[in-house]
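Worksheet: one structure, shown below.
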Amino acid sequence: MGEHAIPQCFQHLMAKKLLFLLTLLEILLCGQSKFMVYNTSQGIVPGKLNVHLVAHTHDDVGWLKTVDQYYVGSNNSIQGACVQNVLDSMVHALLADKNRKFIYVEMAFFKRWWRDQSEAVQDVVKKLVSSGQLEFINGAMAMHDEAVTHYIDMIDQTALGHQFLKEEFGVTPRIGWQIDPFGHSAVQAYLLGAEVGFDSFFFGRIDYQDRAKRKKEKSLEVIWQGSKSLGPSAQIFAGAFPENYEPPSGFYFEVNDASPIVQDNMQLFDYNVQDRVNDFVAAALLQANITRTNHIMWTMGTDFKYQYAHTWFRQLDKLIHYVNMDGRVNALYSTPSIYTDAKYATNESWPIKTDDFFPYADRANGYWTGYFTSRPAIKRYVRLMSGYYLAARQLEFFRGRVNSGPNTDSLADALAIAQHHDAVTGTEKQHVANDYSKRLSIGYKEAEELVSSSLACLVESPLLTRCQNPVTKFQQCPLLNISYCPASEVDLVQGKNLVIVVYNSLGWRRNEVIRIPVIEANVRVHDSNGIEIESQLLPQAEKYVDLRNYYVKAYLGQTPPKAPKYWLAFTVSVPPLGFSTYTVSTAKRTGSTRSSVDIYKSSEKSKFDVGQGNLKLTFSMDQEKCTNYVNIRNLVEEQVELSYLYYSGYNGTNQKDPQNSGAYIFRPNGTHPINHEKKVPLTVLHGPVLDEVHQQINPWIYQITRLYKGKEHVEVEFIVGPIPIEDGIGKEVATRISTTMETNNTFYTDSNGRDFIKRIRDYRTDWDLEVNQPAAGNYYPINLGIYTEDNKTEFSVLVDRAIGGSSLQDGQIELMVHRRLLLDDSRGVDEALNETDCVGDDCRGLTVRISSILLK
C-alpha cells in the first residue's frame, strides 16, 4: 500500500475533539472579564445640557464628635467618620485617572493631614493642585456660621486658611462655599465674597417658602448685592442648591449606601446601565427645568463622604462614560470654578438679591432661630477671646513675634474652629462644646503669657525690640465675670501698691469705667502722673458672692478665699493702640468714696432718681416694671417698661407635628410673663462714678441697672439661671423693653456686627410670607444691636454677645437671653440643650451674666 489512509472514524473523532477545544476556548475567553477603560475626559459641550459633577465632602469641624475625633476617626459609636481616610483615599483615587476632580474646603482638617504627610506625598498633592484635579474651595479654617459670628472673626479665620494655602500651594481660592450654615448673611455675600475676590458663592439653606418660589421662577441663582452703600462693587454671582448639598436621590455611592450602582458587566446578573442612564437623565432634566442656562451642578457628596473614595469615583466614571454614550445630556467631572466660568460665558441675565436669607425655616414649624441664643456662655467666651486676640496680636507685633512661643497661634486656631457653624452656634453635643471651650482656654493661657510680658516691656522700656526678660510680672483676671481676681484681692499693707495697666486695642481714645474686686475700703487711685483720680467703692451684692463661691469651685476645683467686700470703680482714659497705668494704694486719710446705699421696699409708694448728667431715670415703686427715661440734652422723655417672660419649649412627642423646640429650633408653646418678687427690697447705690439699681426679679433672675457719670446710655445686666425645669418643661427666657413709640412693624438688626438691615414684622421682601410661627418667624440674629424708630425718636439696644431678638409689637424690643430645653429637635445633634455645671454631686443649670446697653 502507498500512503496510509486515515480511517474515517478517526477523522470524525478528531473533528469532535477540535470542536470541543474551540468551544472550550470560546467559553474561557467569554468568561473572562475584559478590563474596561471609561472615557471620563469629556468637557463642556455647547448646545447640550451639561451636568457638572462636583465630587466633595462636607467635614464638620466638630459637631457630634470633637474636631480631633473626626480627624482620626475615634469615638465611632457616635458617628462613623474619619477625615484622615477621606484625604488619604482621595489622593489615590485622583492618581488613578487624570480626569477626576475633587474639591476640599475645611483647612482645619487639611492642615492636620498635611503635617502628617511625607515630602513625597506632599509633592504629589501639589501636582494634583497644580493640574486642577484637587481644588481648594472657600479655603477658610472652618465653614463659619453666618448668623452669630462677628465679621472680624469671619475675616480672621478665613485669612488664616488662605494664608496656609498661599504659603504651601501658592493658590488663592476663587469660590465661596457655605453649604451648611443655617441661613446666610449679607456681610458674607459682599465682605467674605465679593470683597475677598471670590468669583461666586454657593450655599445650601434658604427658607422652604423662598426656595419653592425660586424654583418656579428659576431664580435660585442670582446676583447678590449684600451692601447698599458699596453698590455694584459688592455684587457676586451666588447660587442656592435646589434641595441641599447632597447628590440627587439615588446617586449616593459611599460604602453601604443604598443607591443602585452602575452594574455594567453583561456576564453578571442585574445589568442596569440603561436604567441608571435613564435615572441620570431624568434627574438632570428635572433640575434643568428650575435652572437658567444649559449648565447644572450636582454636589456629589455630603457629610464625611469619600472615606473610601474609589467607591464614588468608580460609579462617577461609569456614569460619565455611559451617559455621554447615550448622548441626551453631557456629564463631566467639574468644580465650582469650572461651573462658574461656564455660567459667566453664557451672558445670561440674573435676578438681583439684596439683604440676607434670615431667618431660615425648613418647614412650617421648623424655624432655625433658637440657635441665635443657644449656649450663651460660649457665645460670650468667643466674643471675649476675639477681643483679646486682637490686643494680643498687636502686642505680639510691637514686641516682635517669637515662633517658639509664647505666641498667638494656639488662640488663633481655637478661635477659627469656634466660628464653625456647629460651634459658636451652640448646636453641638455637650462634650464637643466642652472641647471648644478647652481649646479657647489653652489658647488664652499662652496668649496671656505673651500679653503680660509685652505689657511689662512697654512699661519698663520704650524700645520693645530690646526687651527680652522683663522684671515686672503682670497678672490678669479672666474670671472677673464671677467676681474672682486674686491679683486685686490683696492686702495693701506696709506701703504695697497695686499697679493696673489698661491697654486699648482700638484706634481711638477710650474713657471707660473699670471695676475690680478689693478687700479694703481705705484705698485710693492715682494715674501715671501721680494725680489722684475719683473712685468709688460699691458693696459686693450677695448674688455676686454666690456666683463666685459656686463657680470658682466648678471651674478651678478649689474653694475661693473669703469674697472681697467691694468693687472698686474708676474711670480710665487710654490712648489709641496704647496703655495707661493706674496705682491703687492704701489711703492715709480719705480714699475712694463709698457708695451711698438706699433700700426701697415694694410696699412703699415712693419715687427716686438715678443719674448724674444729662441722662436720668426715675423709678416708681408702685410701677415696678416702668422707668421714666429723660435725656435733658436731646429733650427725649419716654416711659420705658422692662419685663421678663419665658416661652415654653414645644413638646411634639405623640403630636401630629412632632417638631420640638431644641438647640436649633425655636418653637414656643405659650408665653408666660415672669412676675417681680415683691418680697425682696430694691437696692440703690449712688456715687461719684456711677449709680446702680439692684432688683431681684424672681429667684433665678437678677437685674442691675447702671448709669455712669457723663455717659448718655443705660447699662442693664441680667443674671439668669439656673432656669428651673422641675415642672418638666423647657424654657426660653426673654426680656422685653417696651416704649410708647409708633414703629409701624419695623425694626433693624445688624448683619455680623457690620451693617444694619431693615426688618418688617411678618414680611419678607422676596416672597409673600405664610405666617406659621409669629414669634420664631420674626426672630433675627443680633451680634451688635437692634433698634427701632419713629418720626421723633430712635431706640437702640447693644449686646455683649450674639443673641436672638425681635420687635413683636410696635415700640417694643425683645431679646432672648437664655435657653434650657429638655428635648432634641431632630436636626441631628440628638441631645437636649440642657447645660449644667457641677461641684461634686451639686449639679445646677447654667447661670449666665449678660449685659446690654440702651440708647435713646
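Number of residues in region 756-798 that are within 26 Å of Ser661 (Cα to Cα), open to solvent by less than 20 Å² (accessible area, probe 1.4 Å) and among the β-branched types (Val, Ile, Thr) equals 2.
Regarding region 429-449, can at least one residue be identified that is under 29 Å from Asp527 (Cα atoms) and more than 31 Å from the chain's Cα centre (by Cα)? No, that holds for no residue.
All of Asp810, Asp824 fail the test of being open to solvent by 30 Å² or more (accessible area, probe 1.4 Å) and out of contact with any strand residue (DSSP E or B) (no Cβ under 9 Å at 6 or more places or on another chain), apart from Asp824. All conditions in (1) modelled with pLDDT of 95 or more; (2) in a helix (DSSP H, G or I); (3) open to solvent by 10 Å² or more (accessible area, probe 1.4 Å) hold for Pro248, with the sole exception of (2). Among the residues of region 832-842, those that are surrounded by fewer than 18 Cβ atoms within 10 Å (Cβ to Cβ) and under 23 Å from Lys65 (Cα atoms) comprise Asn834, Thr836, Cys838. Among the residues making up region 465-492, those that are at pLDDT 90 or above and open to solvent by 60 Å² or more (accessible area, probe 1.4 Å) are Gln475, Pro478, Asn481, Pro486. Scanning region 551-594 for residues that are closer than 15 Å to Ile531 by Cα and either in contact with a His (Cβ under 8 Å, 6 or more places away or on another chain) or not in a loop (DSSP other than H, G, I, E, B) (or both) gives Phe570, Thr571, Val572, Ser573, Ser580, Thr581, Tyr582, Thr583, Val584, Ser585, Thr586. Applying the criterion of at least 3 residues that are in the same structural domain as Gln274 (by the TED database) and open to solvent by less than 10 Å² (accessible area, probe 1.4 Å) to the helices (runs of 4 or more DSSP H) found wholly in region 323-427 leaves 336-345.
Per-residue answers, yes or no, for (1) hydroxyl-bearing (Ser, Thr, Tyr); (2) open to solvent by 40 Å² or more (accessible area, probe 1.4 Å); (3) closer than 30 Å to Leu798 by Cα:
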position	(1), (2), (3)
Met107	no, no, no
Trp114	no, no, no
Ser118	yes, yes, no
Leu128	no, no, no
Gln133	no, no, no
Asn138	no, no, no
Tyr151	yes, yes, yes
Ile155	no, yes, yes
Glu167	no, yes, no
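Among the residues making up region 452-464, those that are open to solvent by 10 Å² or more (accessible area, probe 1.4 Å) and touching a Phe, Trp or Tyr at 6+ places or on another chain (Cβ under 9 Å) are Ser452, Ser453, Leu455, Leu458, Val459, Leu464.
Of all residues in region 327-362, those being of a type in the set (S, T, N, Q) and without any contact (Cβ under 8 Å) to a residue 24 or more places away in the chain number 2. Among the conditions (1) within 30 Å of Gln695 (Cβ to Cβ); (2) of a type in the set (Lys, Arg); (3) at pLDDT below 95, Arg510 misses just one, which is (3).
Screening Val222, Val196 for residues that are among the hydrophobic types (A, V, I, L, M, F, W, C) and over 17 Å from Gln287 (Cα atoms) leaves exactly one candidate, Val196. In region 204-237, the residue that is least open to solvent (accessible area, probe 1.4 Å) out of those that are part of a helix (DSSP H, G or I) and under 21 Å from Asn365 (Cβ atoms) is Asp210. Only one of these is over 19 Å from Leu395 (Cβ atoms) and in contact (Cβ under 8 Å) with a residue 60 or more places away in the chain: Leu498, Leu506. Name it. On inspection, the qualifying residue turns out to be Leu498.
The values are calculated or read from the model by the stated rules, or taken from the named source; none is laboratory data. What you are looking at is a predicted structure, and each value in this text was computed from that prediction instead of being measured. Positions of Cβ are backbone-derived with ideal geometry, glycine not excepted, and every protein chain shown enters the neighbour counts. Please note that ligands, DNA and RNA were not included when accessible areas were found on the heavy atoms of the full protein model with its side chains. Shrake-Rupley method; radii C 1.70, N 1.55, O 1.52, S 1.80 Å.
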